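> Quick one: the structure is below, questions incoming.
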Amino acid sequence: MIHNLQVLRAVAAYMVFLLHFSIYLRPVAPGAASIGLGAAGVDIFFVISGFIMVATTMGRRTGPVDFLLKRIARLVPVYWFVTLVIVALVMVGFRPIGVLEIQPNYVVRSLLFLPFSRGGFVEPIDSVGWTLNYEMFFYVIFAALLVVRSQAWRIAGLVLVLLGLGLSSLGEPAGFYAQFYTRPIVVEFAFGGVLGYAYMRTRDRPMPASGRFLGYGLIAAGALLLVASEVVAQRLAVQIELMPFPRLITWGTSGLLIVAGALVTERCGAVCRSPVLIQQGNASYSIYLVHNLVLHAAFKVAGAIGLGGVAGAAVIFVLAFGTTSILGVWLYRLVESPMNAGLRGVFRAIGARIGTPALAVAPSQPAGR
């Protein structure tokens, strides 16, 4: 486990938490719009994902089927669990996080990671799941490239495919799926993949302790780029989140710099070993999936006790942040981790029964989303 990346996963999850909290803060604090750069947590996640997929497969004989089954075991169970909880809440009369209706095709497409338009937004029942549609798409591409034995050619293929998809959006591709999967944000997986390749190729080379300052500089540069891009965006009255190529150039590059900085600092001995932060990093996927639901519940609680304005926003933040932190860890320990292990066990049993080595190999420890 790379400790600094686990901590960074927690940071990225809470950046997205702040983004969604700003919805409740903006009515009483217009300046809170700047918190919108919390959306860049998604870009950090995508870079980390690209890095992890390359780092965990490089130098190992991993087949496409084996790879995809491991990713399904990692991504699917808790996502389905949270999605079905939201469906159940709607069925008994609640309206969580803007889910005004449930149609059978909404449920099916959400569970199968198929993008669709709902209420004017391209998002599944658990709204943050739109990013998982990209994750699964990336996994399919990466799995197909695993047939390429040369590590260098595999990475080159990954870059060419993802860059080609991102650039093809300039031609305004026809069709809903073509438009969705050719957004430049997919190139961020390639950023992480190249970083993973470079990291694995140089991991046996010693780095002096003073090299940590390079890592700190990379993190600072990434953070500065985030802040500067937000300042410019506010002056121009635009939203980087909604601008495909500016987002890739600014937030994508920032994510690359920050992830690279976290890796360099750890290589040089500057390792964050805080049990609390590592625990939050382990649970970051669960935190990411439930935080919006918790924020909405906290908003309802603040309204029920008659609190509004700044006091109401403060209550929403404290209640939602604390509950998300605890619930995320609980969900990770009691639902996500056991269900992941159980599904991997099912895949191994099936593989052993039908005599398919790709299904029967021992699972690798999940290192990222």
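The values are calculated or read from the model by the stated rules, or taken from the named source; none is laboratory data. These figures come from a predicted structure and were not determined experimentally. Cβ placement follows ideal geometry from the backbone for every residue including glycine, while neighbour counts extend to all protein chains displayed.
> Give the number of residues within the range 117-145 that are outside any helix (DSSP H, G or I) and surrounded by 19 or more Cβ atoms within 10 Å (Cβ to Cβ).
Residues flagged as outside any helix (DSSP H, G or I) and surrounded by 19 or more Cβ atoms within 10 Å (Cβ to Cβ) within the range 117-145 amount to 5.
> Does Arg60 satisfy the condition of being charged (D, E, K, R), in contact with a Pro (Cβ under 9 Å, 6 or more places away or on another chain) and under 27 Å from Pro338 (Cβ atoms)?
Here the answer is no, as Arg60 does not meet what is asked.
> With respect to Met207, is the statement that it is surrounded by 12 or more Cβ atoms within 10 Å (Cβ to Cβ) and touching a Cys at 6+ places or on another chain (Cβ under 8 Å) true?
yes
> Which residue, of Leu89, Leu68, Leu75, is assigned to a helix (DSSP H, G or I), surrounded by fewer than 22 Cβ atoms within 10 Å (Cβ to Cβ) and in contact with a Pro (Cβ under 6 Å, 6 or more places away or on another chain)?
On the way: Leu68 fails: in contact with a Pro (Cβ under 6 Å, 6 or more places away or on another chain); Leu75 fails: in contact with a Pro (Cβ under 6 Å, 6 or more places away or on another chain).
Among Leu89, Leu68, Leu75, only Leu89 is assigned to a helix (DSSP H, G or I), surrounded by fewer than 22 Cβ atoms within 10 Å (Cβ to Cβ) and in contact with a Pro (Cβ under 6 Å, 6 or more places away or on another chain).
> Which of the following residues is closer than 16 Å to Pro27 by Cα, modelled with pLDDT of 95 or more and under 27 Å from the mean Cα position of the chain (by Cα): Phe299, Phe317?
Phe317
> Can you tell me which of Arg149, Arg71, Arg109 is closer than 27 Å to Gly175 by Cα and either of a type outside the set (A, V, I, L, M) or at pLDDT below 95 (or both)?
Arg109
> Does any residue in the range 131-154 that is under 18 Å from Phe116 (Cβ atoms) come within less than 9 Å, Cβ to Cβ, of a residue that is in a helix (DSSP H, G or I) and of a type in the set (Lys, Arg) six or more places away or on a different chain, and which pairs are these?
These pairs meet every condition: Glu135/Arg71; Met136/Arg71.
> Give all pairs with beta carbons closer than 7 Å in which a residue from the range 2-13 that is small (Gly, Ala, Ser) meets a residue that is surrounded by fewer than 24 Cβ atoms within 10 Å (Cβ to Cβ); count only pairs at least 6 apart in sequence or on separate chains.
Listed by first residue and then by second, the contacts come to Ala10/Leu277; Ala10/Gln280.
> While we're here: Considering only the range 251-289, state which residues are farther than 12 Å from Val329 by Cα, touching a Leu at 6+ places or on another chain (Cβ under 6 Å) and either assigned to a loop (DSSP other than H, G, I, E, B) or polar (S, T, N, Q) (or both).
Ser254
> Taking the condition over 21 Å from Ala73 (Cβ atoms), charged (D, E, K, R) and within 17 Å of the chain's Cα centre (by Cα), does Glu123 pass?
Judged against the criteria, Glu123 is a match.
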